[in-house]
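The values are calculated or read from the model by the stated rules, or taken from the named source; none is laboratory data. Computed from a predicted model, the values in this text were never measured in an experiment. Note that each Cβ is placed from the backbone with ideal geometry, even for glycine, and that neighbours are counted across all protein chains shown. Note: accessible area is taken over every heavy atom of the protein model, side chains too, but ligands, DNA and RNA are not part of it. Shrake-Rupley method; radii C 1.70, N 1.55, O 1.52, S 1.80 Å.
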Amino acid sequence: MILKIRTKLLGMMLIIGVIAALPITFISMTSLIKSSKEQAKDFGEKSAYYNSEIINTWLSEKAKTLMELKTQLKMKRSQEEVKELLRVYSEINRDFISIFIGTEDNEMMDAYGWIPDENYIVTERPWYQKAVNQDTYVTTSAYQDVNKKENVTAIASSIELQGRKGVIAANIYVDYIVEIIDDIKYGENGFAILLDDNYNLITGPKDDDLLEAFNHIFEMLTSRGEFFVESEAFEIEIDGIEYIAAYSSIKGFDWNLFLVAPLSDFIQSAYAMRNQMIYILLGTLIMIFMIDYYLSRSISRPIETLVNRVSRIANGNFDMAINIKTQDEIGKLSKELDKMRINLKTIFESLKYESKIISMNSQNLAEHLEETFKGTSRFMSMLSHDIKTPITLIKGYSKALSMEMVDQDKTKEYIERIHYRSEQIENIVTDILDNTYEAHNIAVNLKEIKISDYINMILYNSENYVSNQNHQFIQKIDYENIDPENIIAVDIIKIQRVINNILSNAVKFSEDDSIIELVIKEEAGRILTCFKDYGIGIKTEEQEKIFNMFYKSDNSKKGYGLGLYINKAIIEAHNGDIFFESEYHRGTISGFYLNYRKN
């Protein structure tokens, strides 16, 4: 199975596209998700810090009020004045449940006059224990208020009142802080957790599953040795779910704010973008395929056309041009191949023509050989007939003489007849040998004579010959256009023989008392000499053969078929050309061209 170039190019370019697109897409999606995670952590860290600052500001306002009260109390002497200030400041700040002072001697002074029972020990309360040695304010963990029976937290600071060491504190409902925490938004499913300095829960979500998830996160962070310093964010996986946990401490209050949210809340857009990138990748691959298909087709189509054209050339079809109109190497190759096609077509046509010529020449040669064979056979038959008759007579005369069947007077007559027939045989043989030798060994003895002498010679000999053969002679000599002083080189004897051969045929193949015309004129810079008869003419198909040796168009006429063959050889020896025209049943014009020079 042969794969087309188009298929190879398409596959190769598609593979390149996939190899290029997949890593880019993978890296882009990985970078996008990683960037989204980093942004989520950064957002969590900043959000935790921002919200911790909000809580810090809220607590600082409460602490500032408490510290102002502390300053005022240092200048008061009576217990009534102290209680009055506690009540006034409690009413000023509605977030305070009550402001109170506990002393080291277990005395309790409340803004609203609450007096604990005898089992209430001031020095064991969490707010007292944490703040007794703190000149600045502190915050406590959540605890249950004995008076209100509610979970509260307290802002407290040490105080020395009337020579006694104690603690001033203001308790706040935890629910107030819950409202602040609940307002914190971190992701779609995130939540906030507020821990004290011992990482005990102050407030957080009411959902137990979320609290359990936070406990796992906190345990994992502490097991990893993480130290919570100021603001920080972590990426943690719990039960196959990835979380972002952001932390920020509330400065000056020893509280810690945690923001926790599933990672998916922050990278949903990244996943959506990833899906879009996958769709874009698929669209890109489809587009690459379409572009590759178009490009591979535009590249392979000229090559396929080229292969088709070359295949036609290989099968011998040179007529269809190779014309690929592309501005590249293929277009250049097509032009060169088209040149080769034209050259091959010329060569093959030349070969076909030459083959045809060779075939025709072979056919003509075969016909010529056949005609030569037939002519030779006719010649041998005629020669045998011409020799056989005298030989038969000689044999008869010789036998009569040998048997003494004749008297003395007849003997001399028979001897003379034998001698005559012997001379007849000798003349036949000599004539044939001379003609054959002369036809193959033409040697002319050229002599320069004036054209006027040449015309007179031809005119005199031909007129006498025709007149003696019972025919009418007409001469048509163009004296007006022939300069009689010009010179022509001829072998007079050989030319006279040519004239006699032509006239012999003219007389032989025409009726008695018919006209034979002599024409001498200048034509194309040469002298044309020809004789026209009105005899039987020669068929068209035989005209090419009449100059062959031994060829005769009419076997009934005497002759050996050597006359015109010898004529052609003699004229060619003069550097001339034979002139011959014939029309069957209308007559023949036979002659020759000879060159001349001006005198």
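Solvent exposure of the chain amounts to 58 Å² per residue of accessible area, where only protein heavy atoms count and the probe is 1.4 Å. Each pair of Cα atoms in segment 154-299 enters the Kirkwood radius, and Stokes-Einstein at 37 °C and 0.692 mPa s then converts it into a translational diffusion coefficient of 170 µm²/s. Ordering Q363, M277, T139 by Cα displacement along the dipole of the chain toward the positive end leaves Q363 in first place; charges were set at the Cβ atoms of Lys, Arg (+1) and Asp, Glu (-1). Here the scattering of the chain is modelled by Debye summation over its C-alpha atoms, one equal scatterer each and no solvent; at q = 0.12 Å⁻¹ the log10 of I(q)/I(0) is -1.17. Solvent-accessible area of segment 132-189 (1.4 angstrom probe, protein heavy atoms only): carbon and sulfur portion equals 38 percent. Share of segment 442-597's accessible area from carbon and sulfur, percent, 1.4 Å? Accessible surface attributable to carbon and sulfur in segment 442-597 totals 44 percent. If you average the alpha carbon positions of segment 27-96 and of segment 465-490, how far apart do those two centres end up, in angstrom? Segment 27-96 and segment 465-490 have Cα centres separated by 153 Å. The Kirkwood hydrodynamic radius of segment 172-221, based on inverse pair distances between different Cα atoms, is 11.6 Å.
List, in the order given, every pair from K64/K185; K46/K130; K62/K251 whose Cα-Cα distance in the structure shown is over 19 Å. Too far apart for the 19 Å limit: K64/K185; K46/K130. In segment 442-597 the Cα-Cα distances spread across 5 Å bins starting at 0 as 2, 9, 19, 23, 21, 15, 8, 3, 0 percent of all pairs. Determine which aspartates and glutamates satisfy two conditions relative to K149: a Cα distance under 20 Å, and not lying fewer than 8 residues away in the same chain. Partners found: D95, D110, D117, E118, E124, D175, E179. How many percent of the alpha carbon pairs in segment 249-372 exceed a separation of 20 Å? Percent of Cα pairs beyond 20 Å in segment 249-372: 73. The GluC sites (Glu not before Pro) of segment 39-126 meeting both criteria, a DSSP state outside H, G, I, E and B (loop) and at most 16 other C-beta atoms within 10 angstrom of the site's C-beta, are E104, E107, E118. For K335, the lysines whose Cα comes closer than 24 Å to its Cα, not counting residues fewer than 8 places off in the same chain, are K4, K325, K345.
Taking amide H atoms as placed 1.01 Å from N in the peptide plane, the amide H of I477 lies under 5 Å from those of I520, each 5 or more residues away in sequence or on another chain. In the chain, the longest principal axis of the Cα atoms and the axis of helix 408-440 are about 30 degrees apart. Run the numbers on the chain and let me know its relative contact order in percent, using alpha-carbon pairs under 8 Å that are six or more apart. Relative contact order here is 10 percent.
Peptides 151-163, 344-356 ranked from most to least packed give 151-163, 344-356, packing being the mean of other C-beta atoms within 10 angstrom over each peptide's residues. The relative contact order of segment 1-317, computed from alpha carbon pairs under 8 Å that lie at least 6 residues apart in sequence, is 22 percent. Rg/Rh for segment 1-317 (Cα atoms only, Rh after Kirkwood) is 1.40. Here segment 442-597 carries DSSP beta bridges of which approximately 80% are antiparallel, counting only pairs with both residues inside.
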